[in-house]
1. For the condition in contact with a Cys (Cβ under 6 Å, 6 or more places away or on another chain) and at pLDDT 95 or above, what is the one hit in 363, 368?
2. Can you tell which of 361, 383 is in the same structural domain as residue 245 (by TED's automatic domain parsing) and either of a type in the set (Asp, Glu) or farther than 25 Å from residue 218 by Cα (or both)?
3. Among the strands (runs of 3 or more DSSP E) confined wholly to the stretch 162-268, which include 3 or more residues that are at pLDDT 95 or above and not assigned by TED's automatic domain parsing to the domain that holds residue 316?
4. Could you go through the stretch 337-352 and let me know if any residue there is surrounded by fewer than 22 Cβ atoms within 10 Å (Cβ to Cβ), farther than 18 Å from residue 388 by Cα and not β-branched (Val, Ile, Thr).
5. Do any residues in the stretch 288-300 that are in the same structural domain as residue 278 (by TED's automatic domain parsing) have Cβ atoms under 6 Å from those of residues that are crowded, with 19+ Cβ neighbours inside 10 Å and part of a helix (DSSP H, G or I), where the two are at least six apart or on different chains, and which pairs are they?
6. Does at least one position in the stretch 301-308 carry a residue that is in the same structural domain as residue 384 (by TED's automatic domain parsing) and closer than 19 Å to residue 345 by Cα?
7. For the stretch 351-370, name all the residues that are over 12 Å from residue 192 (Cα atoms) and either acidic (Asp, Glu) or within 19 Å of the chain's Cα centre (by Cα) (or both).
8. Residues 251, 321, 273, 330: which one is touching a residue at least 40 places away in the same chain (Cβ under 8 Å), closer than 22 Å to residue 388 by Cα and buried (at least 16 other Cβ atoms within 10 Å of the Cβ)?
Amino acid sequence: MNVLGRAQIAPFVTLDLSRLLSRAGADVPTGIDRVELAYAVYLLSHAPERVEFVALHPLGRFGSLPFDATARFVEALAARWDAGVVDDTTAVRLGRRLLHGLMLPRSDRNPHRPASGDLRRRVYLLLSHHHLTRPAVVAQAIAKRGAAFVPMVHDLIPLEFPEYSREREPARHASRIDTVVRQADAVLVPSEAVRGSLLPYLERAGRPHVPVWVIPHGVHLRALPNARIGPDAATGPVPHPYFICLGTIEARKNHLLLLNLWRRLVEEHGEQAPHLVLIGKRGWENEQVLDMIERCPALKGVVKEHNALPDEEVVRLLKGARALLFPSFAEGYGLPLAEALSLGVPAICSDIPVFREVGGGRPYMLDPLDTMAWKRKVEAFTGNDTDREAQRASLRDLPVPGWDDSVRSAMQLIDGYASNATVAVSAGSGD
């Protein structure tokens, strides 16, 4: 039985933590991990009375998670990733218990879950792309809760630049976007660039009215305790001026441009050449990049690679760098750019729309294919270049939204949408 009602209070939020549970054993978070974690932390801190957590088990069982145990898991995972304590297995153990519990008979797992007949609007938040390839699972989660579906689309890169994706990823991403455009009541995106990419899909599906809200990601590194400047014992000495490239080592990130120009720098400047610090895990289809890192004689001792640095170490290295280098061909947002600028670190990045949006005109922007232009600017930034000093000065008054600011903005839009919508509330709300 359905009851029509107009929600007058903040909606009840069902937050999907499937991705975090699958990533509990990771040494460092990806950008998408950070998003899902930030929303969980915010809702636990600011609105625990109106949130429940759900997840999809790898074997296909979808259901709610026990509230208190999930809160402990979120807290442990945040501590693990912030401090980089990889031998702390608390989050891993708690995550396994939560997944195991999904396969047990259902019980009342959330003391705050609304009772039958509660006229609050329900909202199902799916902030990763985790199971958007399973539209029936999403449809069932929506139907059983009488919920509005609000997913986050991080990018459409596999559809726009399939050459930078794994072979099967374009088809999988097309399935994800199809689920979004057919089932979403509203969509969160991190940038106007992603919004512009998504809108034609909604229009072709006959749903141009679906709101697409741009919510820029918050910065996390600036919120960490004040860190020392430069490298420490964990990363080894870097006696020369150095630059940083932060992100997964994959073809789309264009590391090859940097390695080629760095070989030229060493050939021309010898021991006076600046160093390059690569921070990020190794991704896919990067054989040529890895061959250069591991086998190019000119780069030995000059290019340093770190695959699993904790956030505090990343801050230390960023603060001592001459600049962040970000030559990507495509991004949905570019969180490393936002993080570096928030720390007052100059940046040289690709001249692509999303970086113009995130950087607000502050970074020095170059064609990602113009190796010699990048070389000239790196040489200039190694010294006291006027462009570098001007950029540093422009960063002093840079607005720096944190994750609380980002999530609060999203929740205000969601709350406003729910309070203005006439909804059909299901009389039952099982898993």
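1. Numbers: 368 fails: in contact with a Cys (Cβ under 6 Å, 6 or more places away or on another chain).
Criteria check complete, one pass: 363.
2. On the way: 361 fails: either of a type in the set (Asp, Glu) or farther than 25 Å from residue 218 by Cα (or both).
Going through 361, 383 in turn, just one is in the same structural domain as residue 245 (by TED's automatic domain parsing) and either of a type in the set (Asp, Glu) or farther than 25 Å from residue 218 by Cα (or both): 383.
3. So the answer is 187-189, 212-214.
4. Scanning the stretch 337-352 turns up no residue that is surrounded by fewer than 22 Cβ atoms within 10 Å (Cβ to Cβ), farther than 18 Å from residue 388 by Cα and not β-branched (Val, Ile, Thr).
5. Taking only residues 6 or more apart or on different chains, the pairs are 289/255; 292/259; 298/266.
6. Looking only at the stretch 301-308, we keep the residues that are in the same structural domain as residue 384 (by TED's automatic domain parsing), and these are 301-308.
Within this subset, residues satisfying the condition of being closer than 19 Å to residue 345 by Cα are none.
No, the conditions are met nowhere in the stretch 301-308.
7. Those that are over 12 Å from residue 192 (Cα atoms) and either acidic (Asp, Glu) or within 19 Å of the chain's Cα centre (by Cα) (or both): 351, 352, 359, 367, 370.
8. Working: 251 fails: closer than 22 Å to residue 388 by Cα; 273 fails: touching a residue at least 40 places away in the same chain (Cβ under 8 Å); 330 fails: closer than 22 Å to residue 388 by Cα.
Being touching a residue at least 40 places away in the same chain (Cβ under 8 Å), closer than 22 Å to residue 388 by Cα and buried (at least 16 other Cβ atoms within 10 Å of the Cβ) holds for just one of 251, 321, 273, 330, which is 321.
The values are calculated or read from the model by the stated rules, or taken from the named source; none is laboratory data. What you are looking at is a predicted structure, and each value in this text was computed from that prediction instead of being measured. Cβ atoms come from the backbone with ideal geometry, glycine included; neighbour counts cover every protein chain shown.
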